[in-house]
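One structure below.
Rule-based calculations on the coordinates, nothing more; no lab input. Not measured: the values here are computed from a predicted model. We place every Cβ from the backbone using ideal geometry, glycine too, and count neighbours over all the protein chains shown.
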Amino acid sequence: MKSSDGKMPNGFLFAALEAAIKKPGRKDLALIFSEREALLAGMFTSNRIKAAPVKLDMKRIKTGKGQAVIVNSGNANACTGKQGMMDASEMANLVAATLGLKKNKVYVCSTGVIGKPLPMDRLRQVIPGLVRRLGTASIQDVAAAIMTTDTFPKVVSKRIRIAGKTVTIAGVCKGAGMISPHMATMLCFILTDMSITWSALHAALVCAVRSSFNRITVDGDMSTNDTVIIMANGMAGNDVADEDSVYFQKFSSALSAITAELSRMIARDGEGATKLVEIEVKNAKNQEDAERAGFTIANSLLVKTALYGNDANWGRIMAALGYSGITLHEDKIDMYINRVKLVRRGLATGKESEATAALKEKEIKITVDLRLGNSSAKVLTCDLTEDYVRINAEYRT
């Protein structure tokens, strides 16, 4: 999938090639480069087991600056000890040396199999050539190179007007399995030519991630490598925007729209999935209850398999609510599948056949109205199929 306009922000170059990291036959190494030093903000997995590149990037991003990101698929470089840290540093150093940059201006991301060392002999040979190819690839090539079990590349871009200047924001991500907050299992790189302060850039990213990548789940599992990095190089030429600027909210809203669209792509592409499912919990006692209820329903294997089987088994949803630990009153709960009201005040409405027909659509919305307060939350997920088991049973083969 591509963005509607396909436009890229000024000053960013891309490269991609095949390094045969896991198996030959596809591009699996990519480079993103800003022609001008950029401000960088990022968010990383909350998993206490973190991959070597995550540890490296978390240290470097404290400077708030950078110029390049090298990414590989096929190998997560996680649980690889001191050698993994040395390998991640060497990848960055090879890029920096070839580009003539300081080492701390290069970031590293990896995705793939956990527990295996990187094939550094091959990477040492191909990384200088990758750098020399900058400008020969597109952001779609980067999206394809970072895929693992994804079935399509995920790219979105938008343009906004800031004080008479055109500002472009583009996002590229990968993710299909091990998707659960915080953050959902993914790599995401967002590029913009906006001129903005670091604090405003970081604030906009936190807001965008909270309402998008932290509201999706495919299987309830969280990776060791989750990373979102945003780069802003200021080459749109607009006056520098801070959090008090009249243009900050416009930028923040556009960024949130991009991450929301990428999130929908990830949920739609859940491993083996046939349906995109949105769960909205309304009128909960508080925000925590709304989110907890949404994720409990979304992660229920019984709910997800019923959705796959076109079975409007609302009792499974009700049971998930009951064990979620939230405040509720059974006799107040209303429930909908798409536009069909399946439950009214905790009791069946007799419309299961209509709800079953609604489940045959490719996009499903489950709405639960708790009728207790004013808080609500939306969570994106997908159904669970035999293919999910097959994909993950064969992941290392």
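The table for this structure:
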read-out: Table column - 3J(HN,Hα) (Hz), the range 352-367, Karplus curve with 6.51, -1.76, 1.60, x for Gly and Pro; value: 5, 5, 5, 5, 4, 5, 5, 5, 7, 6, 7, 10, 10, 10, 9, 10
read-out: Cα gyration tensor shape for the range 105-148, rounded if a/c is under 1.5, else prolate or oblate; value: oblate
read-out: Point-charge dipole on Cβ atoms (K/R +1, D/E -1) for the range 265-397, about Cα centre, debye to 20; value: 320
read-out: Calculated from backbone phi, Karplus (6.51, -1.76, 1.60) coupling profile of the range 302-316 in Hz, x at Gly/Pro; value: 5, 5, 5, 6, 5, 5, 4, x, 6, 10, 7, 8, 5, x, 5
read-out: Pairwise centroid distance, computed over Cα atoms, of the range 196-270 with the range 75-95, Å; value: 27
read-out: Cα shape, the range 276-393, gyration tensor, a/c 1.5 rule; value: oblate
read-out: Set of aspartates and glutamates near K174 by C-alpha distance (under 14 Å), chain-local residues within fewer than 8 positions excluded; value: D28, D141, D150, D226, E261, D269, E271
read-out: Those Cys residues of the chain for which no other cysteine Cβ falls under 4.7 Å; value: C79, C109, C207, C382
read-out: Sequence-distant aspartates and glutamates (8 or more away, or on other chains) whose Cα lies within less than 15 Å of K65; value: E35, E37, D57, D193
read-out: Centroid-to-centroid separation of the range 318-341 and the range 1-73 [C-alpha atoms, Å]; value: 41
read-out: Rounded FRET efficiency, nearest 0.05, which uses the C-beta distance separating Q83 from T63 and R0 of 25 Å; value: 0.50
read-out: Whichever aspartates and glutamates have a C-alpha closer than 17 Å to that of K360, once near sequence neighbours (fewer than 8 apart) are set aside; value: E278, D311, E352, D383
read-out: Value of relative contact order over the chain, rounded to a whole percent, pairs C-alpha under 8 Å and six or more apart; value: 17
read-out: Share, in percent, of DSSP beta bridges within the chain that are antiparallel, nearest 5; value: 70
read-out: Gyration tensor (alpha-carbon) shape descriptor, the range 1-134, a/c threshold 1.5; value: rounded
read-out: Taking the range 276-393 and dividing mean pair separation by its residue count, relative contact order in percent (alpha carbons under 8 Å, at least six apart); value: 46
read-out: When each of K154/K362; K50/K304; K250/K362; K27/K365; K50/K103 is checked by Cα-Cα distance, pairs over 27 Å; value: K50/K304; K250/K362; K27/K365
read-out: Centre separation in Å (Cα based) which lies between the range 145-172 and the range 103-127; value: 24
read-out: Summed side-chain charge close to K59 - residues other than K59 whose Cβ falls under 12 Å, Lys, Arg +1, Asp, Glu -1; value: +4
read-out: Mean separation of Cα contacts under 8 Å, 6 or more apart, over the residue count of the range 191-341: relative contact order %; value: 24
